[in-house]
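Following: one structure in structure tokens, then a few remarks.
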Amino acid sequence: MERYNFKSIEEKWQKLWDKKKLFQTNLDKTKKKFYCLEMFPYPSGKIHMGHVRNYTIGDVLARYKSLQGYNVLHPMGWDSFGMPAENAARQNNLSPKKWTEENISNMKSQLKLLGLSIDWDREISTCSPEYYKHQQEFFLELYDKGLVYRKEQYVNWDPVDNTVLANEQVIDGKGWRSGAPVERKKLNQWFFNITHFAEELLESLNSLEEWPNKVKIMQKNWIGKSFGCEVKFKIETGNPIEEIKCFTTRPDTLFGSSFLALSVDHPLSKHFVNDQNFLEFKKKCNETGTTEESLANAEKIGFKTELTAINPLDQNIKIPVYFANFVLMDYGLGAVFGCPAHDQRDLDFAKKYKLQVLPVVTPEKDNQNFQVQDEAYTGPGYIFNSSFLNGLQCPDESIIKTIEHLEKINFGEKKINFRLKDWGISRQRYWGCPIPIIYDENNNPKKIPKNMLPVMLPDINKLKTSGNPLDNEIEWKNIIIDGKKYYRETDTLDTFVDSSWYFLRFCSPKKKEYGFNYEDINYWMPVDQYIGGVEHAILHLLYSRFFMNALAHKNNKFKFKEPFKGLFTQGMVCHETYKDQSGNWVSPDEIVNIDGKKYLKNDNSHLVKVGPSESMSKSKKNTIDPENIIKDFGADSVRLFILSDSPPEKDVQWSIEGISASFKFIQKLWNLNIRFHEEIKKNHDEDSSDKLNRFTNKFIKKVEENLNSFSYNVIVANLYEAYAYLIKDLNNNYKSNTLKENYKKILTVITPIIPHFANECLETLSINETLSWPDYDSKLIEENEIAIVIQINGKKRGLVKAKRGINENNLYDIIIKDEKLKKYIKEQKIKKKIYIENRIMNIII
RNA sequence: GCCCUCGUGGUGAAAUUGGUAGACACAAAGGACUUAAAAUCCUUGCCGCUUGCGGAGUGCCAGUUCGAGUCUGGCCGAGGGCACCA
């Protein structure tokens, strides 16, 4: 039998689609739109299996929506600024630009091998001046709106990369890329005022119905809204310091407070800069880092001051003031009051410094003797030991009442606090978008005039090994405008800024005057389905949501609010791991399989240790190169397999056995195609078209439902079943027309999965018209004869074949005549019969 | 510690949303074809009784129900997120 030649056939279709510009989209208000977007890749050099999975999932959806008659926008671009280019350029002594451009061209041709339905005319690259020009415009717009500002701040300093790291780029106290221990350093930084929108970003999470709950919860926790109160503590007289303000969510525990604790960065620390002991303490605190886990386990330590604070609720209660390592300056007010009985951290601290532990919340109303030992009590209960607060129900009643009282006596104020911090966007890097700011002789920042945009990144062919590259570009840095001397900002923007609006640019990729057309974005946006890895659950998605808010701030031209209506987070691609006898990682290419055991290829006497399946990574050598795989098995086989084994949201295990099975299956489908043509040629007179029609309609229904629910793995199973059914059913002497009509529908619904193959088969049927998604007929799907499950006392005892819609009595007549079933019933009395039509009957004896 | 998600064969997984548990696939074992191998096809898959049938069975223990993988409560385990957050 003729083999299916995937190589020539896939190439042929890809060329044809390209030539016809089949996936090119244009604004068309007469059609309903569908914006399908996958997270765009960083051009690291080669595509990996994660890309293959991501873009295949998106392509299935885009092709499906297109068949359904939607005007589909399915673009692709490159997140092309970033550190790897800079690092690679340093290593190989070439320009980041050249490195990036070569990678893009290579990865683009690799992506094309997958046969994706992408509108390549809309391709964008964030490192091109055509793109970042508009980003600079936006920066200036936000600057005018007061959403950009500069402040001096402690930053996580990576001493190897010479750059600032975001908190989330610090892993276990080390830089996420360099692995170097992070230092603290004070720098002047540009910030986006994301906290201005904290409430809105939190609130409108509720409107995102098509987002995974998991992601919404992560964002909610990240924003971290908490309700509480600012409390004022007076300091005993005789000091230059008169009062200290604390933020607390538990003002109702004030009577249990036994100390005040300040961050070492608290403004009051300026009074202690001459105290050698304090400086040493501060140094010790800084050594432990800022937010790392090492610090979580660190001992709670404090530095006792001579200050004494007065409890605002009772002038007679006086407590000591400490600096403590567990208080952070950038949350709340950098000061807390410690209530050891009801906060574990405070309890640990109190025990170390022998401070009072007075419980003020008792779990049971009557238990006035409640004591706290080693574990702080944080649960609900009733206030006691608290003068006029006694008896209040905690926390609901007690917190509100206490705040009311504090406000009345002018010692407190209701306050909502957010964990979210402003977004630091300055990066001391070359390969990023230049910040369109200049400084005058007095170091005052000024906007670059709009007509001077873009601020072009100067070409640097040889990067120095350390420092901020732009700072060394003297000619570029110094600039004269209207006869006045200025120097440029030499930091570049965080690359998360680049990806915070690229989805808008795709709507108007060629527009020169501005980043987008309002007409375009108001038609295409929001993105109907966004698909990508869950690792972007917080930052990228939150920043993009912020950016939309910021652009729409004081601007009513946007007809949508949230950028991503639907979000789907796909799982990772995993592979078994291998190690040789000496414990070195071994790549799958270096292994042969003999009698079910795995040996080293070059030395097949050496058994290889097979480890657990883990997400593909270069360090574990368990990666598979998509390009080679596509060349060996074809794009359709790869698409079929990457979809087949696991639901898209879960991890999938790549295996050579799996891809081989998909490859063989495509050949079987090709044989089925040949059988169809044989039968069509025979031109039978007899026809029992109902049977095949019913099958086809059922198949369409299943595929459609599974497409709608992202159950792409089940579609592959449906396809396997369809093959098994059809290869036998073709012997039923169907008329040519019946065969043709049904086969066309079946092929049409599988084009999203295996587009080259399905289109080739359609062509062999001489079908050249534009395809559309076939409707199924629900009536046709119902079988007339059905199998009904018979249970006796809830246990399955048999199946009865009957006509659809049979009533209870008629069904029972069949049951008592059934040889097998009647013996269970015998003469016994029947207590009850439960009959669910067409499904099940349960007989209770 | 807090929050979230998930526990189904040797493996990846299905299950009309409370109604035949294990579809479909991988791996394994046995068989057919073949001189042989590859390829292809078929069968098997827990426990009893040599067929057929019966029993157990969706992490564990209870509960609701005619009926629970699915709902409720408790426990155990795995994964992910967050964290001196006041």
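The values are calculated or read from the model by the stated rules, or taken from the named source; none is laboratory data. Keep in mind that this is a model prediction, so the values were computed, not measured. So basically every Cβ, Gly included, is an ideal-geometry build from the backbone, and we count neighbours across all protein chains shown. Note: accessible area is taken over every heavy atom of the protein model, side chains too, but ligands, DNA and RNA are not part of it. Shrake-Rupley method; radii C 1.70, N 1.55, O 1.52, S 1.80 Å.
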(request) Please find the FRET efficiency linking A:I840 to A:I538, where r is the Cβ-Cβ separation and R0 is fixed at 60 Å, and quote it to the nearest 0.05. (result) 0.80
(message) Could you check the spin-label model distance between A:I217 and A:K352? Points 7 Å from the Cα along Cα→Cβ, value in nm.
(response) 3.3
(message) If I take every Cα pair under 8 Å that is 6 or more residues apart in chain A, average their sequence separation and divide by the length, what percent do I get for the relative contact order?
(response) 13
(request) Quick one: angle between helix A:689-708 and the longest Cα principal axis of chain A, in degrees between 0 and 90, rounded to 10, please. (result) 10
(message) Between 0 and 90 degrees, rounded to the nearest ten: what's the tilt of helix A:635-644 against the longest Cα principal axis of chain A?
(response) 70
(message) Name the residue from A:L640, A:G611, A:S688 whose Cα lies farthest towards the positive end of the charge dipole of the range A:595-705, charges +1 on Cβ of Lys and Arg and -1 on Cβ of Asp and Glu.
(response) A:G611
(request) Could you pull the accessible area for A:Y353 with a 1.4 Å probe, rounded to 10 Å²? (result) 70
(message) So for each of A:314-322, A:203-211, A:117-125 I average, over its residues, the number of other beta carbons within 10 Å; can you give me the resulting order with the highest mean first?
(response) A:117-125, A:314-322, A:203-211
(request) Only loop residues by DSSP count here, and only those with at most 12 other Cβ atoms within 10 Å; note down the GluC sites (Glu not before Pro) in the range A:512-613 that meet that. (result) A:E513
(request) Using +1 at the Cβ of each Lys and Arg and -1 at the Cβ of each Asp and Glu in chain A, identify which of A:F278, A:P469, A:N444 lies farthest towards the dipole's positive end. (result) A:P469
(request) Just need the relative contact order of the range A:19-79 here, percent rounded to a whole number, with Cα pairs under 8 Å and 6+ apart. (result) 54
(request) Tell me the label-point distance for the pair A:D144, A:N367, using the 7 Å Cα-to-Cβ offset, in nm and rounded to one decimal. (result) 6.4
(request) Place a +1 charge on the Cβ of each Lys and Arg in the range A:208-278 and a -1 charge on the Cβ of each Asp and Glu, then give the dipole magnitude about the Cα centre in debye, rounded to the nearest 20. (result) 260
(request) For A:K557, go through the lysines and keep the ones whose alpha-carbon is under 17 Å away, minus same-chain ones fewer than eight residues off. (result) A:K145
(request) Please work out the Cα center distance from the range A:338-356 to the range A:1-52, rounded to the nearest Å. (result) 62
(request) Can you tell me the FRET efficiency between A:D690 and A:N92 if r is taken as the Cβ-Cβ distance and R0 is 60 Å, rounded to the nearest 0.05? (result) 0.35
(message) Could you work out how much longer the chain between A:Q667 and A:D482 gets when fully extended? Use 0.36 nm per residue separation minus the Cα distance between them, nm to one decimal.
(response) 59.4 nm
(request) Give the residue from A:V321, A:N593, A:Y725 lying farthest towards the positive end of the charge dipole for chain A; charges sit on Cβ (+1 for Lys and Arg, -1 for Asp and Glu) and the dipole is referred to the Cα centre. (result) A:Y725
(request) Could you calculate the FRET efficiency of A:N443 with A:D374 from 1/(1 + (r/R0)^6), where r is the beta carbon distance between them and R0 is 60 Å, rounded to 0.05? (result) 0.65
(request) Identify all lysines with a Cα-Cα distance to A:K464 below 16 Å; exclude those on the same chain that are fewer than 8 residues away in sequence. (result) A:K97
(request) Report, in degrees rounded to the nearest 10, the 0 to 90 angle that the Cα long axis of helix A:83-92 makes with the longest principal axis of chain A. (result) 90
(request) Among the lysines, select those whose C-alpha is under 24 Å from the C-alpha of A:K609, and discard any that sit fewer than 8 residues away in the same chain. (result) A:K579, A:K597, A:K598, A:K601, A:K618, A:K620, A:K621
(request) With +1 on each Lys and Arg Cβ and -1 on each Asp and Glu Cβ, and nothing else charged, work out how big the dipole of the range A:490-638 is about its Cα centre, in Debye to the nearest 20. (result) 540
(request) Mind checking the full-extension length gain between A:L22 and A:K609? Use 0.36 nm per residue of separation minus the Cα-Cα distance, one decimal, nm. (result) 206.5 nm
(message) Over the range A:336-425, what is the relative contact order in percent, taking alpha-carbon pairs closer than 8 angstrom and at least six residues apart?
(response) 19
(request) Calculate, in nm to one decimal, what A:Q315 and A:S619 gain on full extension: separation in residues at 0.36 nm each, minus their alpha carbon distance. (result) 103.2 nm
(message) So for each of A:749-760, A:485-496 I average, over its residues, the number of other beta carbons within 10 Å; can you give me the resulting order with the highest mean first?
(response) A:749-760, A:485-496
(request) Would you calculate the separation in nanometres between label points at A:K421 and A:N593, each defined as 7 Å from the Cα along the Cα-to-beta-carbon direction? (result) 5.0
(request) With only Lys, Arg, Asp and Glu charged, each at its Cβ (+1 for the first two, -1 for the last two), find how big the charge dipole of chain A is about the Cα centre; round to the nearest 20 debye. (result) 1660
